[in-house]
1. Taking only pairs six or more apart or across chains, which ones have beta-carbon atoms under 8 Å, a first residue in segment 5-30 that is farther than 11 Å from Leu51 by Cα and of a type outside the set (Val, Ile, Thr), and a second residue that is part of a helix (DSSP H, G or I) and at pLDDT below 65?
2. For a quick check of your reading of the model, give me the residue pairs whose first member lies in segment 46-67 and is under 14 Å from Gln80 (Cα atoms), whose second is of a type in the set (Lys, Arg) and part of a helix (DSSP H, G or I), with beta-carbon atoms closer than 7 Å and at least 6 apart or on different chains.
3. Mind listing whichever residues of segment 27-73 are modelled with pLDDT of 85 or more and over 19 Å from Ser17 (Cα atoms)?
Amino acid sequence: MEGGGGIMASAATGAMSSLLAKLAELLGEDCYQNQMQRGTRREVAFLRDELSSMNALLERLADAGAAAPLDPQTREWRDQVRE
């Protein structure tokens, strides 16, 4: 089941990159900086940071590819993040 991993990782990281860009844009817009409650801004920033970390690890796992087979726990985590 590892065969299509590169394509799935590419789709997952592509979608996540788009989402991260939109979150960064949202946090940077002046109208939202003034209107968004402090707690909401913190939650959006936290979400952006968590997704960024997940994206970085997905890219790292995709680069490892077949050269380094994943252990069952890492493979399960990767599959959950992709969903």
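The values are calculated or read from the model by the stated rules, or taken from the named source; none is laboratory data. All figures in this text were calculated on a predicted structure; none of them were measured in a lab. As a convention, Cβ positions derive from the backbone with ideal geometry for all residues, glycine included, and neighbour counts pool all protein chains shown.
1. Hits for this filter: Leu26/Tyr32; Leu27/Gln33.
2. Qualifying pairs under 7 Å: Leu58/Arg78; Leu61/Arg78.
3. Asp71, Pro72, Gln73, listed by residue number.
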